[in-house]
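K.L.:
Following this message is one structure expressed as structure tokens.
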Amino acid sequence: MASHRVVSATANPHKLDEIREILGATVVVLGRPADLAEVEEDASTLEGNAELKVAAVVAASGEPALADDTGLEVDALRGAPGVRSARYGGPEADDEKNYNKLLGELRELGANAPEQRRARFRTVVILGWPDGRRLVGRGVVEGTIATTPRGDRGFGYDPVFIPDEGDGRTFGEMWPEEKHSLSHRGRALRELADQLAALGPVEEA
Ligand code: IMP
């Protein structure tokens, strides 16, 4: 049976790997066009940012495009970093700076007990076609923020996020399949894949 072909809007190679691992063979995910200018993600919601990315890639490629936007919401920080997760540690921040800023803020607040460190990852994925059709998948995973980073797998805030449904390890300590079975991105993409399957088989080109 033919597969769906979509162009990825993400410039993050870790995210692209995860998207491919989760969707498997039913969707062929092509890399983001190298000559596409960076999209300014200045919407106030995850869905708004995902749509900005989808629209830019659809316009540039003329092909269906897939975009993921993710935020980490920490209750003690009133939902921050949220939609600002990528640049939390400053305009040039890397993953380590981002999570160290988060750990420092929780320390300053004296939020040391697990119940004071409640958090969740939230992902919105949008698959968009040039004719304007859209499918939207959403995924959430609840957890707590660790007091020190643990594990070198995954990316982003993974070393400091302990999912409730796991065994106490951070996402950074889990193998990819373990993370995907619980993660925000796994849930959002599986929801999207179900919607795609409900549209019926892919027409042969
Ligand atoms: P964006 O969706 O690419 O804008 O990502 C927002 C921020 O969340 C970035 O700092 C990413 O590194 C981080 N992030 C996105 N997905 C994940 C994940 O699955 N685990 C940990 N951090 C993530």
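Each reported figure results from applying straightforward, stated rules to the coordinates on display, with no laboratory input. Because the structure is predicted, anything quoted here is derived from the model rather than measured. Here the Cβ positions follow ideal geometry from the backbone for every residue, glycine too, while neighbour counts run over all protein chains shown.
K.L.:
Between Asp42 and Val28, how many nm apart are label points set 7 Å from Cα along the C-beta direction?
P.N.:
Modelled inter-label distance: 3.7 nm.
K.L.:
Still on this model: How high is the FRET efficiency between Leu109 and Val202 when r is their beta carbon distance and R₀ equals 41 Å, given to the nearest 0.05? Show your work: numbers first, answer last.
P.N.:
Values: r = 51 Å, r/R0 = 1.23.
Computed FRET efficiency for Leu109 and Val202: 0.20.
K.L.:
In nanometres, what is the gap between the two model label sites at Gln116 and Asn12, each 7 Å from Cα along Cα-to-Cβ?
P.N.:
Between Gln116 and Asn12, the label points sit 2.9 nm apart.
K.L.:
Can you bin the range 1-152 into rounded, prolate or oblate? Criterion: square roots of the alpha carbon gyration tensor eigenvalues sorted a ≥ b ≥ c, rounded for a/c under 1.5, prolate for a/b above b/c, oblate for the rest.
P.N.:
On the way: a/c = 2.27, a/b = 2.01, b/c = 1.13.
Because a/c hits 1.5 or more and a/b exceeds b/c, the range 1-152 counts as prolate.
K.L.:
Additional query: Straight-line reach from Lys179: which aspartates and glutamates have a Cα under 15 Å away, not including same-chain ones fewer than 8 places off?
P.N.:
Once the sequence-local aspartates and glutamates are set aside, what remains near Lys179 is Asp17, Glu18, Glu21, Glu142, Asp152, Asp158, Asp164, Glu165, Asp167.
K.L.:
Return Thr45, Thr10 ranked ascending by Cβ neighbour count within 10 Å, so the fewest neighbours appear first. Kindly include the intermediate steps, with their values, before the conclusion.
P.N.:
Working: Thr45 13, Thr10 19.
Sorted ascending by nearby Cβ count, the order is Thr45, Thr10.
K.L.:
Residues in the range 41-73 near a label at Asp164, defined as backbone nitrogen under 19 Å from the 7 Å Cα→Cβ point?
P.N.:
From the range 41-73, the list is 71-73.
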